[in-house]
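**Student:** Below you will find the structure I want to go over with you.
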Amino acid sequence: MIRNVAIIILYDNKKRILLQHRKEDAERLPGYWGFFGGGIDEGETPEEAVRRETKEELNYELGNPKLIMVQEFKGKHHDGTKYVFVEKYNPSKKLKLCEGQGMKWVLLNETKLLKIVDHDIEVLGYIKDKF
């Protein structure tokens, strides 16, 4: 099965990124830490998808997300293309967790301690010098 996804990496002034802790009963990657975002609907662009998913999952309106990476991946449940966007977090906008069991700001070197799927680890390696 093919499932294309768009994800957002929000980062702050301390160069921390925001990660989501998926629920233990999640359909995909239960209990893993990962990025906010999700599937691209038919007829939707990757940017439209990342804006919609960020609003659904964090109640956060993106300002100007920048596409920095496109990754082909193979997963346990599906293969696809991942569109990776980044944006500096605007602290005047509040975040509200609407999906998953938790979220936290982490430095890139702290991600080594978390349960993260291989293709997301590749993204973390790619972005280490990008902001």
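The values are calculated or read from the model by the stated rules, or taken from the named source; none is laboratory data. Treat the numbers as computed from the prediction; the structure is a model and nothing was measured. Don't worry about glycine lacking a Cβ; one is built from the backbone with ideal geometry, like all the others, and counts go over all protein chains shown.
**Student:** When you go through (1) farther than 26 Å from LEU113 by Cα; (2) modelled with pLDDT of 95 or more one by one for ILE17, which number turns out not to apply?
**Tutor:** Just one mismatch for ILE17, condition (1).
Okay, residues lined up against (1) in contact with a helix residue (DSSP H, G or I) (Cβ under 9 Å, 6 or more places away or on another chain); (2) closer than 24 Å to ASP129 by Cα; (3) among the charged types (D, E, K, R):
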residue	(1), (2), (3)
VAL5	yes, yes, no
ILE9	yes, yes, no
GLU24	no, no, yes
GLY31	no, no, no
PRO46	no, yes, no
GLU99	yes, no, yes
LEU107	no, yes, no
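**Student:** Something else now. Among the numbered criteria (1) touching a residue at least 12 places away in the same chain (Cβ under 8 Å); (2) farther than 15 Å from ILE121 by Cα, which one does GLY43 miss?
**Tutor:** (1)
**Student:** Being among the polar types (S, T, N, Q), out of contact with any strand residue (DSSP E or B) (no Cβ under 9 Å at 6 or more places or on another chain), more than 19 Å from ALA26 (Cα to Cα) and surrounded by 13 or more Cβ atoms within 10 Å (Cβ to Cβ) is the requirement here; does ASN109 meet it?
**Tutor:** no
**Student:** Among the residues of region 5-27, what is the count of those that are more than 13 Å from the chain's Cα centre (by Cα) and in a loop (DSSP other than H, G, I, E, B)?
**Tutor:** Qualifying residue count, region 5-27: 9.
**Student:** Moving on to the next point. What pairs come out if I take residues in region 96-118 that are of a type in the set (Ser, Thr, Tyr) and pair them with residues that are modelled with pLDDT of 95 or more whose C-beta lies under 6 Å away, six or more apart or interchain?
**Tutor:** Between residues of region 96-118 that are of a type in the set (Ser, Thr, Tyr) and residues that are modelled with pLDDT of 95 or more, the close pairs are THR111/LEU124.
**Student:** Return the residue satisfying two criteria in turn: it lies in region 25-40 and is modelled with pLDDT of 95 or more and farther than 13 Å from LYS82 by Cα, and of such residues it is surrounded by the fewest Cβ atoms within 10 Å (Cβ to Cβ).
**Tutor:** The extreme case among them is GLY31.
**Student:** Something else about it: Among (1) under 13 Å from the mean Cα position of the chain (by Cα); (2) at pLDDT 95 or above; (3) within 17 Å of TRP33 (Cβ to Cβ), which single condition is ILE68 missing?
**Tutor:** Among (1) under 13 Å from the mean Cα position of the chain (by Cα); (2) at pLDDT 95 or above; (3) within 17 Å of TRP33 (Cβ to Cβ), the lone unmet condition for ILE68 is (3).
**Student:** Can you tell me which residue in region 28-81 is nearest to LEU97 (Cα to Cα), limited to those that are among the basic types (Lys, Arg) and assigned to a loop (DSSP other than H, G, I, E, B)?
**Tutor:** Result: ARG28.
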